[in-house]
Amino acid sequence: MENRSRGLQEPFLQSESEPLTQQELILTFANGVTRSVSRRHESISCTPEWIWGEVRKQLHIAGPIVCVSMIQYLLIVVSLMFVGHLGELQLASAAIASSFAGVTGSTLLQGMASALETLCGQSYGAKQYHMLGIHMQRAMLVLWLVSVPIAVMRWNMNSLLLYQGQDLEIAEMAGEYARYLVPTLFGLATLQPLIKFLLTQSVVLPMALMSGATLSVHIPLFWVLVFKLGFGHRSAAIATSISTWLNVVFLGLYVKCSSTCKRTWTSFSGEAFHELSTFCKLAVPSAIMICPQYWSFEGLVLLSGPLPNPQLETSSLSICFTSDSLLYMIPFGIGASASTRVGNELGAGRPQAAKAAVIVSVSMGM
């Protein structure tokens with residue numbers, strides 16, 4: 001909180017005077033927010049109490065989302081850690097396959113699913129609760145359709161890697177690894193809309209708990225596949241596919257059985273097959289915004305394959321970028337909470353509050 005307070009001081013303080021007290025800082029921040037949202041609209045009451053209330057709302061969403069994102073990414077990290085004990089070649093091939101899968105699949109699906117933050121967020125704010133389930137079903141339908149050509153590409157990944165100039169041994173093992181990741185692709189096409197569906201309702205703690213339960217199953221499952229059943233480096237892909245679908249089952253049962261989702265989930269509806277273009281118009285720009293952030297990392301791992309000593313180069317880069325990507329989950333969680341709050345406020349017809357929520361979110365990130 002102390003670091004966050006310093007970040008909030010900087011945009012409003014330009015002199016070298018004594019640091020403000022906490023109360024003076026809050027009042028200064030409130031004045032800045034009020035000036036920002038009062039230019040075209042009637043001013044909202046940006047009191048210190050309102051600001052702290054907004055901070056608490058966003059932290060309530062961001063905290064569990066950071067946990068969920070880290071746990072889901074840990075499925076990949078844990079898999080690579082175990083594969084690393086099998087040998088340098090196995091680690092390099094798993095890293096190449098995971099990077100290729102990320103570039104062509106998981107990041108694209110995550111980016112497209114982000115359109116639900118707008119659609120579901122505004123529907124929830126406007127109290128059109130039944131539309132959240134419709135939007136989620138549309139997203140699942142579109143993402144499954146997108147996953148089909150990606151699955152074909154993933155199945156033939158070894159040929160694509162050889163064409164790129166990758167080492168023959170790495171390309172063959174990575175291609176085998178990628179085939180076992182195909183079920184993960186369709187699992188993510190189902191999981192990501194479920195996550196956005198719950199996120200826009202601020203139902204985040206159950207997601208964190210169920211992701212933790214999935215990780216607790218993933219680790220012993222992987223150990224059994226590697227050291228007891230002898231599946232080798234393929235065990236990582238098999239365990240990841242099983243764990244992804246297990247997470248889908250957990251969240252699906254929660255949506256179906258929990259009283260929290262009674263208003264937003266009724267049943268499968270034929271209405272989901274209509275107005276698919278509405279989702280696509282938001283999904284494509286969302287993917288364009290999100291994908292380059294991940295591709296810049298994954299692309300470097302892929303480009304390391306043609307270098308001299310590709311096993312060492314690929315393994316070391318993969319470990320470095322995988323560790324660094326975990327830290328990215330913190331601003332990702334804050335951004336997700338901001339999207340939820342802005343969508344809810346816009347749906348409720350409060351654009352001033354939405355603008356103020358953005359300023360609060362940016363200040364929290366600083």
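The values are calculated or read from the model by the stated rules, or taken from the named source; none is laboratory data. Keep in mind that this is a model prediction, so the values were computed, not measured. All Cβ positions, even for glycine, are placed from backbone atoms using ideal geometry, and neighbour counts span all protein chains on display.
Which residue is surrounded by the fewest Cβ atoms within 10 Å (Cβ to Cβ), if the candidates are limited to segment 229-260 and must be outside any helix (DSSP H, G or I), at negative phi and without any contact (Cβ under 8 Å) to a residue 12 or more places away in the chain?
This residue is L229.
Yes or no: segment 293-303 includes at least one residue that is closer than 19 Å to L194 by Cα, touching a residue at least 24 places away in the same chain (Cβ under 8 Å), among the small types (G, A, S) and surrounded by 14 or more Cβ atoms within 10 Å (Cβ to Cβ).
We begin by selecting, within segment 293-303, every residue closer than 19 Å to L194 by Cα; these are none.
No - not one qualifying residue is present in segment 293-303.
So G111 ticks every box in (1) farther than 20 Å from L282 by Cα; (2) in contact (Cβ under 8 Å) with a residue 60 or more places away in the chain but one. Which box is left unticked?
All conditions are met except number (1).
Tell me the residue from L132, L143 that is in contact with a Cys (Cβ under 8 Å, 6 or more places away or on another chain), surrounded by 21 or more Cβ atoms within 10 Å (Cβ to Cβ), touching a residue at least 24 places away in the same chain (Cβ under 8 Å) and of a type in the set (A, V, I, L, M, F, W, C), please. Can you show your working first?
Working: L143 fails: in contact with a Cys (Cβ under 8 Å, 6 or more places away or on another chain).
Exactly one of L132, L143 is in contact with a Cys (Cβ under 8 Å, 6 or more places away or on another chain), surrounded by 21 or more Cβ atoms within 10 Å (Cβ to Cβ), touching a residue at least 24 places away in the same chain (Cβ under 8 Å) and of a type in the set (A, V, I, L, M, F, W, C), namely L132.
Can you give me the number of residues within segment 261-274 that are surrounded by 14 or more Cβ atoms within 10 Å (Cβ to Cβ), part of a loop (DSSP other than H, G, I, E, B) and of a type outside the set (K, R)?
Going through segment 261-274, the residues surrounded by 14 or more Cβ atoms within 10 Å (Cβ to Cβ) turn out to be 261, 263-265, 272.
Subset that is part of a loop (DSSP other than H, G, I, E, B): 263-265.
If we keep only those that are of a type outside the set (K, R) as well, we get 264-265.
Matching residues across segment 261-274 total 2.
I'm trying to understand the selection: among the residues of segment 193-209, which are crowded, with 22+ Cβ neighbours inside 10 Å and part of a helix (DSSP H, G or I)? Write out each step before concluding.
Narrowing segment 193-209 to residues crowded, with 22+ Cβ neighbours inside 10 Å: 193-200, 204, 207.
Listed by number, the residues that qualify are P193, L194, I195, K196, F197, L198, L199, M207.
Would you be able to say whether some residue in segment 145-158 is under 21 Å from S316 (Cβ atoms) and assigned to a helix (DSSP H, G or I)? So that I can check it myself, show each step before the final result.
Step one: filter segment 145-158 for residues under 21 Å from S316 (Cβ atoms), giving none.
Within segment 145-158 (the criterion being under 21 Å from S316 (Cβ atoms) and assigned to a helix (DSSP H, G or I)), the answer is no, since none of the residues qualifies.
From the list V148, V152, which residue is farther than 15 Å from V103 by Cα and either of a type in the set (V, I, T) or surrounded by fewer than 22 Cβ atoms within 10 Å (Cβ to Cβ) (or both)? Outline the logic, then answer.
Working: V152 fails: farther than 15 Å from V103 by Cα.
Answer to the check: V148.
Just give me the residues in segment 72-111 being under 30 Å from K196 (Cβ atoms) and hydroxyl-bearing (S, T, Y), in sequence order.
Y73, S79, S98, S99, T104, S106, T107
Return the residues of segment 171-192 that are buried (at least 23 other Cβ atoms within 10 Å of the Cβ) and outside any helix (DSSP H, G or I); say none if nothing qualifies.
L181
Is there any pair linking a residue in segment 340-366 that is among the β-branched types (V, I, T) to one that is surrounded by 20 or more Cβ atoms within 10 Å (Cβ to Cβ) and not in a helix (DSSP H, G or I), with Cβ under 7 Å and at least six apart or on different chains, and which?
T340/T200
Among the listed residues S315, S296, S277, identify the single one that is part of a helix (DSSP H, G or I), over 19 Å from I61 (Cβ atoms), at pLDDT 80 or above and among the hydroxyl-bearing types (S, T, Y). Outline the logic, then answer.
On the way: S315 fails: at pLDDT 80 or above; S296 fails: at pLDDT 80 or above.
Sole residue among the options that is part of a helix (DSSP H, G or I), over 19 Å from I61 (Cβ atoms), at pLDDT 80 or above and among the hydroxyl-bearing types (S, T, Y): S277.
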